[in-house]
1. Find the all-direction average of the projected area of the Cα convex hull for segment 148-303, expressing the result in square nanometres with one decimal place.
2. Using the structure shown, select from Lys196/Lys250; Lys153/Lys196; Lys2/Lys22 the pairs with a Cα to Cα distance greater than 20 angstrom.
3. Taking the number of other C-beta atoms within 10 Å as the exposure measure, put Ile16, Ile90, Ile291 in order starting with the fewest.
4. Could you give me the radius of gyration and the Dmax of segment 35-112, taking only the C-alpha atoms into account and expressing both in angstrom?
5. Provide the per-residue ³J(HN,Hα) series for segment 175-185, in order, calculated from phi with Karplus coefficients 6.51, -1.76, 1.60 and θ = phi - 60°, each as a whole number of Hz, with x at glycine and proline positions.
6. Sorted by packing (mean other beta-carbon atoms within 10 Å per residue), highest first, where do 120-126, 233-239 land?
7. Please tell me the relative contact order of the chain in percent, rounded to the nearest whole number, where contacts are Cα pairs under 8 Å and at least six residues apart.
8. At 222 nm, what helix-only mean residue ellipticity would the chain give, in deg cm²/dmol to the nearest 500, using -39500 (n - 2.57) for each DSSP H run of four or more?
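No value in this document is a laboratory result; all are computed from the given coordinates. Model, not experiment: these values are computed from the prediction. Every residue, glycine as well, gets a Cβ built from its backbone with ideal geometry; the counts of neighbours run over all protein chains shown.
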Amino acid sequence: MKRTYLDFLNLQRSTIDLIKEKKYEEAILNLNNAKSKFPNKIDRIGHWLSGINCIQNNKENALSELREVLDNGLYWNPSILTNDTDLSLIQDSEEFAAIVQKSEELYEFNKSKSSSLFHNIGNSESETSITALHWKNSNALDFSEQIVTDDLKNKYLFSFVQSSQLFSHGCYHWDHYDVAKTDIENTHIELHDGVKNRIILGVSQGADTAIKMYFESNRNYDTVIALVPTLSDLHSIEEKIKNHQKVNAKMVMITGDKDYFYNNVLDAMPIFEKYNISCKLIVIEGMGHTIPSNFVKLLEENI
């Protein structure tokens, strides 16, 4: 049976719950069983297993889990390992230093080869096309499996763009906007003459990038939908709006009042008002930095 990213998220949540309950052996068993189910995620699984073994003061097993990941050709951005306080038991060892060095070599090699990609899914005859930008430290396929249901596939054409900016194994970011802009503009999506509604949608850092792209003078998106945007650089967003004001702009921002970046969203609203940008703000009570459970309903209401 094909495993999806949603299955992997369920594994992650169950592992966190077991660790909170100090059921370490059960967590280790579940993660070891998951290695064959999620071969492209064993960098994360091995990292988690190493941390659990550190909690149990098992230094050799903690190191062994990290070595196994490298032996399978996967790697991490070295900062993930060196900045993780859960690995403090092993971080002063020569073995750990060797693991970090090998990981850095693999990371730098893959970073030099990284390029943008995309995949289209859905109804190629739809009147609505949606360009979708993933989370920071995620990828296009994982994001598509998070949000696209069979019903959405039947109704709309999605083009998921993956950044060329590598963060770690299978994870990308949008840190450098000029690079992100090029990646998105180079996306090849065939649109038939009947497309009437062009939407750009992003989540988290991808939402910030989507907002900036929406206000590019040579882009003809009708609507931007920003899911839990971070809005960490409001100055650059304001400059983009000021220099390339759109006529009849339509923005939708969806966030939660428990999101880390909620106050940034509130700070952004006066900027949109200043430039007469119509922005519909949807705040979900109790929600943090995540995809809303009623995402499909919200999407269809705002297309």
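1. Averaging across all directions leaves 9.7 nm² for the Cα convex hull.
2. Lys2/Lys22
3. Ile16, Ile291, Ile90
4. My reading of the Cα-based Rg and Dmax gives 11.6, 37 Å.
5. After applying 6.51 cos²θ - 1.76 cosθ + 1.60, I find 4, 9, 5, 4, 5, 4, 4, 4, 4, 6, 5 Hz.
6. In descending order of packing, they fall as 120-126, 233-239.
7. Relative contact order of the chain: 12 percent.
8. It lands at -14000 deg cm²/dmol.
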